Structure formats: structure tokens, C-alpha cells
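*Asks:* Got a structure for you, written out below as C-alpha cells; questions coming shortly.
Every number here is computed from the coordinates shown, using simple stated rules; none is lab data. Just so it is clear, the structure is predicted and the values come from calculations on it, not from any experiment. Methodologically, a virtual Cβ is constructed for each residue, glycine included, from the backbone with ideal geometry; neighbour enumeration extends over all protein chains shown.
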Ligand SMILES: Nc1nc2c(c(=O)[nH]1)N[C@H]1C(S)=C(S)[C@@H](COP(=O)(O)OP(=O)(O)OC[C@H]3O[C@@H](n4cnc5c(=O)[nH]c(N)nc54)[C@H](O)[C@@H]3O)O[C@H]1N2
Ligand SMILES: Nc1nc2c(c(=O)[nH]1)N[C@H]1C(S)=C(S)[C@@H](COP(=O)(O)OP(=O)(O)OC[C@H]3O[C@@H](n4cnc5c(=O)[nH]c(N)nc54)[C@H](O)[C@@H]3O)O[C@H]1N2
Ligand SMILES: [Mo]
């Protein structure tokens, strides 16, 4: 394989005997920023990971987490050999085995299951790496050739993604760099300082130039602290707020009638629906003062250019898809799209012409149509028996790039499923995570410092190439190599299984992005128009911004967006009166980095933020251990009586490894497996709980 580490960017002349090279790479993490990295390597050891100063979106800066990427890669607990289970399921006890022994045994087990029904085998993966190659390229080929069950990868963004598709026609929107010139920025459902740092730098620039920043978030986040205004609405009430804004735009005539007429579809219907949402009605639903809504509408209706940075935090509730649809109507109503610094950005991923089919080869299914299982209901699905509706019981699970035992909802059931003695589980990992504890085999995988990959982004419009900086650690192998080796043992002889990683990197954007430029500078910018919808031309069927969706109406669904209350709305249960949201902790990336000591030291321990009024009613004081519970289960953590929590809502900061929390559970013990209105996504932030101080005897 042509993955020789160490491409010299700047050979250091004064290094003497020490050979120093700088290697260009890409941050692999699930984050909109997709940073360009420069890794300094001394005598084959990565000593520093920094942001590439030449890449404008990265601008030489990294978040605290990823600046510790070398510490993570050289972590003393990094998995360096294949391991085979030596204790009971879930005990976390393993013994080293050779690669040959592990791969032979895994292939034999998979062959036996596949001989009965390959759909009893399920891949489970998400965005541990966002790389197109170490993600689904060779893995996709392997599982397609095998005929395994397909996985619906819904755990993060599918509700909002689907909502955006319905209204704008794709995962497309403003170019992030233009936020620097906006005069009003609504940061909606996003803690940008924690999870979208490079956007926040642009918002700061706009603020210095006089822009007003408004944060719409139930939690008084670090970002809310730094905005001019914070609208602390109840979780899952964003569509109500959006409709009230429309109501005010209509009654005050702050509309761009020319834009509406020429570039939108369904205005009359939307107008009628919005007029049912006077600010007072929305204020009661959202739990915010009506005046705050009126003021926001005035700002939005009268400031140009006005931009919305929508993010996925607001779509993890029952009505998440509809809420995104409603919000995505706003820029068209005021003609904000006319200016490059106006409009909305949720995701840019639709701009990338990634050749996923060429990488993942669904044609290897050869006419078979395996069932699809939803990753967000893995808890229930692992516990299901064979049936006509479900198909075969899941007998084998191959997990890579994901830590479902920590991150999937209703973990009580997820753990029960993973603990099944008759389930054969293989986990490809860097570390012995909660999920790896439940494996039959753990296979050590390379990190981004050790392999080739290529990356799209969902927050900017550049393609990035990642070169390996160092040799694989210990016996670690790339995900691709592990699937190649398994394919060989399964007797899959299609030549596509022999392709090396550099070839896969070339395939990803062949014909659209100049690979030589990627090799030379590490990134390449896509040709996206500066104001993509200034003249309409939305990628919808009608070419317009679709307030009304013919497609949905044809399916017998509501053609217009609507406000759908949470499954577990505040006030709907007397036993569980508090709404819990569980946004990520700033120094972790989902459940990644929780085991990196320097970062865990910053976060301290799992915390539940609770408002003083709710704390007082329960005699809870800061620093006290509490039980957070509902009908699904209970977890325990420390309370922080905090102004970051609004009354009626508690914030359980995520996503700790269960085994690194004080009682071996985490926040997902109480979240539910219900699914969103669109996109079949999880509803992590649609969750009622009660909280009680923990007695000594508990
Ligand atoms: N540091 C860090 N960065 C990350 C991640 C991480 O774990 N840590 N995760 C990455 C991933 S996977 C993703 S998908 C992105 C997510 O990117 P964002 O969606 O920007 O994610 P968060 O920072 O989680 O912001 C979610 C915010 O939404 C708020 N929120 C919760 N419920 C509601 C609601 O009903 N309405 C509104 N308006 N707001 C609500 C939360 O309080 C939180 O502050 O971030 C990525 N970046
Ligand atoms: N309660 C609650 N739950 C949530 C969320 C929330 O806000 N609240 N957020 C949800 C969201 S937005 C998301 S995206 C999901 C994220 O869930 P996951 O995608 O599972 O993300 P991580 O927890 O970061 O786990 C990724 C794992 O992949 C491994 N990994 C990284 N790179 C590689 C590689 O190259 N090869 C292999 N084999 N492994 C690798 C890492 O070591 C890590 O253990 O969690 C969801 N869960
Ligand atoms: Mo995510």
C-alpha cells in the first residue's frame, strides 16, 4: 500500500540529527469545522498537531480537544493488539490473539451465519471518523458483497437534514465565511463556542463590526453568554417561535414580496398558518416573554443582511424535522438570500460531489435487497426475535467508528442487547470503550495520524486530504485493511477489494476535484456561488423555496410545516416534571476524548445543571449527588445549581463513558427510542425526568 508516512511540508534545516517533517492532514471528527491539520513529526514520532495556517477556515487554530490529538493517539491505553474475550460478555476481560487467529475465527463465524441468512449480520458505524475512506468505503463494499442488513445512519442529523431537503431541496445554504459580514446573526440550537469554533470566530468578527448576535437555546451556553440576547425557549418549541416571527413579519409588512412571488412555493398556505401564531401564543408554548419574540421579529425583519446559523441541537425532538422546515422558510420571506451574508446555514454537505457509490459499491448487492435497521433503535432491535416483519434475529454485529453502548438512546436496553450471549460482536476501535467491553473480538484500528483519508465538510465547502504522519502504532490496522483481510477470508475476490487507500482517496472526488492540488496543498475549494439563492434556483423539484411540499402532501402528510409538541412535553407528566436535554460537553466530542486525562480533568465529572428554583424545590445544593430518573431508568451524577439551566429544564452534559462515570451509567440511561417526525432520528432532547437528591443510603 502506498501510504508511506511523512510527506515533508517544510523540512527543518537546523534539525541536526533529528529528522523533523510536517505532514498535512484533516481533522477526522464529527464537527462542522473539518479543520486542516499540520502534524510535526520528529524521528517518526508525532510531537504536535496544529491547525494549518494556510487553510482559511482553520486559520491556524484548533479546538482544545484536537490540539490533544497526539496525546490521544499515544494514549497508554491505546489498543495495540487484537483481543479475544476471556470473561463473561460485557466483563471487559480479554486476552491478546494474533491477527490471523482473530480474522480466521471472525470469518468462520460470519460465514456460518451468512449461510443461513446474511441479514442476521449488522454493521454498526457512525462518524468516529468522517473520512470517506476509513468510513464506509471498504466497509460498504464488504457488507454489500456479504448481503448484510443495511444500517439507517440516523443518530445525529437525519430529522434536520430531511427538513432542509423538503424546504431548500438539499443540505445547502450560506457559505460560512460570509457570516463575518452579517449584521444580525441568529445562532439557533447551537453552542458554537463548544461545537463550531471556527464559525464562532466569524461571528465575533461580525460582532466587532456592529452585528447583533442572538442565541436561541434552552441552555444559557457559553455561546449564549457572549451574544447580545439569549432566548431561552423550552426544548422542542422552535417551530412555534418561527411561526410567531412569521406572524410579526406579516403584520408589520417586513416581507420581500418580490422574492416571495418569484422564488417560493406555497406562500398563501404558510401565511394562513403563521397568522395563527401571535407572539402571545408562541410565548406561552416556548416559555419566553412575548416582547422578546416581538423584538426579535423586528430585528429580523428590518436588519440586512440577516443570517441564521441553525444547528442540529434543535432537531433532537419529536418535531425536529418540521422545526427545521419552519425556520428554513424565514430567509425567503425577508429576501435574506439576496445577499451573500444573509440566509441560513444548517449544513453544506450537499455541495460535495462525493462519489459514494463508487466507494461503497451498492452494486455488489447484485439484486438483493436486505432489510434496513435504524441505528437509533439498536436497543430494541438487538432484543427482537425473528419474525416476518423484522426478519432474522441479529446474530452478529460489527461495530466501527461508533460507541453505541454510550451514545445510543435508552442504554439500559442497548446494554442488555450487547450482553446477549448468542450475539457475536466484533468492535474495531482505538480504545476499550463501553461498546468494546461487550465484544467477542476487539480489533485495533489506526488513528488519523496513521492512515490516508479524504474529507468533505458540513460546515464549509472545502475538500481535505489526510496523509498519514506516522506508522501504525503496535499492530493497529486501518479499517479498510481489516475489511480487506476479512473479505479475502470470506472468499470475496472482486478486484475492488484489492484497491489501496490512496486509490480510494482518488476515487472519492474523481472528475470534480483536482487530486494533485489536494496532494500539493491539502485542501481544495469547491466552486459554490457566493449567494447561492439570490435568484432562487433552489435544488427543489420546483426550483423554489418550498414552503409547501407537494411530495409530502402526495404521501397524505401535511404539506406545510407545523409545530409538533414534544412526545414528552413539559407538563405532560406529573411524575416526571422536568425536561432534560443532554448537549455535548465542550471538551469531549460525543464520547470521544472522555478517556484523555487532560481533557477529562477540565470537564471534571458528569454534571446535571439545574435552575435554583427547581433545586430548591428538591432540596438540592450544588455539588450534591443526584438521581436523574424516569420510567426508562436512572443515572446518577453531581448537581450544579446553575444559571445555565432555565426553570423546568435540566442539562445533563454528555456523553460520558458509562464506566468513567461514578455509577457506571450515563445520561442515555433515561433517553428514549422514539423517533422524529421526519428522517427517523432519535429524540435525545425530548425527555422528561425527575431529579432527587441522593441519600447516603441510596
Ligand atoms: N466540543 C464538541 N463539539 C462538537 C460535538 C461535541 O460533542 N463536542 N459534537 C459534534 C456533533 S456530532 C454535532 S452533530 C455537532 C452538533 O452541533 P450543534 O447542533 O451546534 O451542537 P451543540 O453544541 O450540541 O448545540 C446544541 C445546542 O442546542 C441546544 N438545544 C437543545 N435542545 C434544543 C431545542 O429544542 N431548541 C434549541 N433551539 N436548542 C436546543 C443545546 O442546549 C445546545 O446548546 O457538534 C459537533 N461538535
Ligand atoms: N444523550 C445524547 N446522546 C447523543 C447525543 C447527544 O447530544 N445527547 N449526540 C448524538 C450525536 S449528534 C452523535 S453524532 C452520536 C455520536 O456517536 P458516535 O458516532 O458513536 O461517536 P463517538 O462517541 O465519538 O464514538 C466514535 C468512536 O469511533 C472511534 N473511532 C474514531 N476513529 C476511528 C477509526 O478510524 N477507526 C475505528 N475503528 N474507530 C474509530 C472512536 O475511538 C470512538 O470510540 O451520539 C449521539 N448521542
Ligand atoms: Mo452528531
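*Asks:* Could you tell me which of rounded, prolate or oblate describes region 578-693, using a ≥ b ≥ c as the square roots of the eigenvalues of the alpha-carbon gyration tensor, with rounded for a/c under 1.5 and, failing that, prolate when a/b is larger than b/c and oblate otherwise?
*Replies:* oblate
*Asks:* Report, to the nearest 10°, how far helix 137-146 tilts away from the longest principal axis of the Cα atoms in the chain, using its own Cα long axis and a range of 0 to 90°.
*Replies:* The angle comes out at about 70 degrees.
*Asks:* Something else now. Which order do 104, 500 fall in if you start with the one that has the fewest other Cβ atoms within 10 Å?
*Replies:* Ordered by Cβ neighbours within 10 Å, fewest first: 104, 500.
*Asks:* Would you mind classifying region 63-145 by shape? Square roots of the alpha carbon gyration tensor eigenvalues, ordered a ≥ b ≥ c; an a/c under 1.5 is rounded, otherwise it is prolate if a/b is larger than b/c and oblate if not. Walk me through the numbers on the way to the answer.
*Replies:* Values: a/c = 2.38, a/b = 1.32, b/c = 1.80.
Here region 63-145 falls in the oblate category.
*Asks:* What is region 607-649 by shape, rounded, prolate or oblate, if you read a ≥ b ≥ c off the alpha carbon gyration tensor as root eigenvalues and call it rounded for a/c under 1.5, prolate for a/b larger than b/c, and oblate otherwise? Walk me through the numbers on the way to the answer.
*Replies:* Details: a/c = 1.79, a/b = 1.45, b/c = 1.23.
Verdict is prolate for region 607-649.
*Asks:* What are the extents of the Cα atoms of region 319-398 along their three principal axes, listed from largest to smallest and rounded to whole Å?
*Replies:* Cα spread of region 319-398 along its principal axes, largest to smallest: 54, 33, 21 Å.
*Asks:* Still on this model: Please report the equivalent ellipsoid semi-axes of region 496-554, computed as sqrt(5 x eigenvalue) of the Cα gyration tensor, largest first, in whole Å.
*Replies:* After scaling each eigenvalue by five and taking roots: 36, 19, 7 Å.
*Asks:* Taking all pairs of different Cα atoms in region 242-368, averaging 1/r and flipping that mean, what Kirkwood radius in angstroms comes out?
*Replies:* Averaging 1/r across every pair of different Cα atoms and inverting gives 16.5 Å.
*Asks:* So what's the back-of-envelope 222 nm ellipticity for the chain, counting only DSSP H runs of four-plus at -39500 (n - 2.57) apiece and dividing by all residues, rounded to 500? Before the final figure, lay out each step's value.
*Replies:* Values: 23 runs with 196 residues, N = 698.
Counting only the DSSP helices, I get -7500 deg cm²/dmol.
*Asks:* Take the Cα coordinates of region 178-333, assign each an equal point scatterer, and use the Debye formula without solvent to give log10 I(q)/I(0) at q = 0.09, 0.10 Å⁻¹.
*Replies:* -0.26, -0.32
*Asks:* Could you line up 593, 684 from fewest to most neighbouring Cβ atoms inside 10 Å? Don't skip to the end; give the middle numbers.
*Replies:* On the way: 593 22, 684 27.
The most exposed by this proxy come first: 593, 684.
*Asks:* Order by neighbour count: 237, 597, fewest other Cβ atoms within 10 Å first, most last. Show your work: numbers first, answer last.
*Replies:* Details: 237 25, 597 10.
Listing 237, 597 from fewest to most nearby Cβ atoms yields 597, 237.
*Asks:* With only alpha-carbon atoms counted, please give the Rg and Dmax of the chain, in Å.
*Replies:* For the chain, the Cα radius of gyration and maximum Cα-Cα distance read 24.9, 75 Å.
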